[in-house]
Amino acid sequence: MIESDSPHFPVAGFRFAGVSCGIKPKTAAYGGRALDLALIISDRPCNAAGVFTKNQFPAAPVLFDKETLADNPAGIQAVVINAGNANACTGEQGLANAAASARLVEEALELPGGATLVLSTGVIGLPLPMEKIEAGIREAAVLARSETGQSAQGLVLASQAIMTTDTKPKTASRQAGPATLLGIAKGAAMIHPNMATLLAVVVTDAAVEPNDLQAMLRSAADRSFNAITVDGDQSTNDTLLVLANGLTGEVDLAAFEQALTEVCQDLAQQMVRDAEGASKFVTVHVTGAVDEDAAYQVARTVASSVLFKTAVYGGDPNWGRVLMAAGNSGIDIDPGSVALWFTGSGQPLQVVAGGAPLVYSEDDAAAIFVGSDLDVRLDLGAGDGEATVWTSDLTHDYVTLNAHYRT
């Protein structure tokens, strides 16, 4: 687990707000209403980049943001995010509503056209309630420009407003020389990324060109959000953005990329720890593969195996399910070269060598599976390739939550 620094030190020139506009059901919080609209604004135009879902039913905001970034990668100044309604599978009206949301932000903040990106999350297939969105944007614009918007409180409100089934807000930050990077994200289910399964925005006061931002964001996504899985389903709304306003000037690009990767990994791991119904955080580390791609494919297959995940939930150190899943990965494996270890809070316990079981204490293995954190290391004995994927267990609560998601 990557330990995060305090996420509340300022990023020069950025403001945050979170308000309730009535999309989510009423709750006891926030005067009986749930926060469901967030606004992030920069005092000056930003260079920006994004990676998006590869689901073939991309939500309207995904299509809108791709076009906006292609047209204006050096002029983004705001991001508006609503929760409770995904604006996905909503046809031409959905596209019009995404564009209208951006215009409403630009009118409220007196920004030029093409300066706003739009994100949505929630139930698929419902039209966006534009009267509520408009009221929320106007309220959020006022709040973002107030002292609250420039403080840690504004960040807290924004990170809460983008949550759906998340149980806690997700923020992370790092330094790259004089520059600060700060990320907020949401995600607890429908997580099996082919880019990133979540909504996440990273803001920074570093000066980085759009092409460099795009390349580094893609690399960071591959090592973070593309390395997590919860339930094997990829969202229609996956969006990961980075905005750089340049107020602290140029930075060392290698240091910046490392900081960006760490922010993304921190957020991604927070998602797995907060996965719907999850009780355990699992690290699957594959070594000894012919190359990194092969290691990643095996690790991801093991991490997404329903049988493996339910065994973890039940505290059953059933190592056969790890080998079974690895054997279904599509990667050529020599069974006679495989070794397997389980680790909890103590020393690693090797349970397989040469593809066959070792003599070990079943009680020791079961004790490892009882803990909240489990590390699985599978060595394929075929090369130097290695990769890590993070996942959760699969519990009864996950089924309960998703069986009644709309009811």
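Only the coordinates and a few stated rules stand behind these numbers; no lab work does. Not measured: the values here are computed from a predicted model. We place every Cβ from the backbone using ideal geometry, glycine too, and count neighbours over all the protein chains shown.
Ranked from largest, the principal axis spans of the Cα set of the range 65-141 equal 32, 28, 17 Å. Past the 32 Å Cα-Cα mark, which pairs from Lys132/Lys309; Lys66/Lys280; Lys170/Lys309? Those over the limit are Lys132/Lys309; Lys66/Lys280. Computed extension length for Thr400-Glu209: 64.2 nm, one decimal, from 0.36 nm per residue of separation with the Cα-Cα distance subtracted.
What shape does the range 281-403 have by the C-alpha gyration tensor, where a ≥ b ≥ c are the square roots of the eigenvalues, rounded means a/c under 1.5, and otherwise prolate means a/b greater than b/c and oblate the rest? Here the range 281-403 falls in the oblate category. Applying 1/(1 + (r/R0)^6) with R0 = 60 Å to the Cβ-Cβ distance of Asp252 and Glu92, what FRET efficiency is obtained, to the nearest 0.05? For Asp252 and Glu92, the calculated efficiency is 0.85.
Nearest 20 debye, what's the magnitude of the dipole of the range 292-407 about its Cα centre given +1 on Lys and Arg Cβ and -1 on Asp and Glu Cβ?
440
For the chain, the longest principal axis of the Cα atoms and the long axis of helix 152-161 meet at an angle of about 70 degrees. For the range 110-145 versus the range 274-336, the inter-centroid distance based on Cα atoms is 40 Å.
Projecting the Cα positions of Phe281, Phe256, Leu340 onto the charge dipole of the chain (unit charges on Cβ atoms of Lys, Arg, Asp and Glu, taken about the Cα centre) puts Phe281 furthest along the positive direction. Short-range pairs are left out: with C-alpha atoms under 8 Å and at least six residues apart, the relative contact order of the chain is 17 percent.
Taking the DSSP beta bridges with both ends in the chain, the antiparallel portion is around 65 percent.
Could you list Thr90, Thr343 so that the one with the fewest beta carbons within 10 Å of its beta carbon is first and the one with the most is last?
Values: Thr90 21, Thr343 18.
Listed from fewest to most nearby Cβ atoms, that is Thr343, Thr90.
Please state the shape class of the range 47-182: rounded when a/c is under 1.5, otherwise prolate if a/b exceeds b/c and oblate if not, all from the C-alpha gyration tensor. Because its axes are fairly even, with a/c under 1.5, the range 47-182 counts as rounded. Cross-link partners for Lys24 among the aspartates and glutamates, with Cα-Cα distance under 12 Å and sequence neighbours closer than 8 places in the same chain left out: Asp36. For Trp341, Trp390, the sequence from fewest to most other C-beta atoms within 10 Å is Trp341, Trp390. Per-residue Karplus couplings for the range 287-292, computed as 6.51 cos²θ - 1.76 cosθ + 1.60 with θ equal to phi - 60°, are listed in order as 10, x, 8, 5, 7, 5 Hz, Gly and Pro entered as x.
Counting only Cβ charges, +1 for Lys and Arg and -1 for Asp and Glu, the dipole size of the chain around its Cα centre is about 1240 debye. Fully extending the segment from Asn328 to Ser219 would add 36.6 nm, taking 0.36 nm per residue of separation and subtracting the current Cα-Cα distance.
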